[in-house]
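Enquirer: Take a look at this one; I'll ask things after.
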Amino acid sequence: MGVFYYLLQITVRELRQRQFPGCEDIANMYEFMGRMDLRHNVDLTRRLCPNLLTFEQWVQKHKQDLENVL
């Protein structure tokens, strides 16, 4: 696709100091995720949501949309 990304590892504190809309909300989300046990049961999720897609299936389904925004 010709789009390159790089990994930037920053702390929640550093994220909060960024000056862009929503940075406080994103920092709060990561802080919450770091404090909680977010493990889940994939088999139970698939039973409750039988139409659940894998990431690969979702990407294939939305390939054109993704190419349009990238």
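Enquirer: Excluding residue 53 itself, calculate the net charge of residues whose Cβ lies under 11 Å from the Cβ of residue 53, where each Lys or Arg counts +1 and each Asp or Glu counts -1. Spell out each step's value before the answer.
Expert: Values: positive: 46, 61; negative: 56.
Cβ neighbours under 11 Å give a net charge of +1.
Enquirer: Here's a follow-up. With each run of n ≥ 4 DSSP H residues scored as -39500 (n - 2.57), what mean residue ellipticity at 222 nm is computed for the chain after dividing by its residue count and rounding to the nearest 500 deg cm²/dmol?
Expert: Mean residue ellipticity, 222 nm, calculated: -15500 deg cm²/dmol.
Enquirer: Between rounded, prolate and oblate, where does the chain land on the alpha carbon gyration tensor, with a ≥ b ≥ c its root eigenvalues, rounded for a/c under 1.5, else prolate if a/b exceeds b/c?
Expert: Verdict is oblate for the chain.
Enquirer: Mind giving me the nanometre distance, one decimal, between the label points for residue 52 and residue 31, set 7 Å out from Cα along Cα→Cβ?
Expert: Label at residue 52, label at residue 31, 3.0 nm between them.
Enquirer: Would you mind working out the accessible area per residue for the chain, using a 1.4 Å probe, and quoting it in Å²?
Expert: 99 Å²
Enquirer: Evaluate E = 1/(1 + (r/R0)^6) for residue 59 and residue 3, where r is the Cβ-Cβ distance and R0 equals 22 Å; express this FRET efficiency to the nearest 0.05. Walk me through the numbers on the way to the answer.
Expert: On the way: r = 14 Å, r/R0 = 0.65.
Using R0 = 22 Å, I get an efficiency of 0.95.
The values are calculated or read from the model by the stated rules, or taken from the named source; none is laboratory data. From a predicted model like this one, the values you see are computed outputs, not experimental measurements. Reconstructed Cβ throughout: ideal geometry from the backbone, glycine too, with neighbour counts over all protein chains shown. The area values use the complete protein model at the heavy-atom level, side chains included, leaving out ligands, DNA and RNA. Shrake-Rupley method; radii C 1.70, N 1.55, O 1.52, S 1.80 Å.
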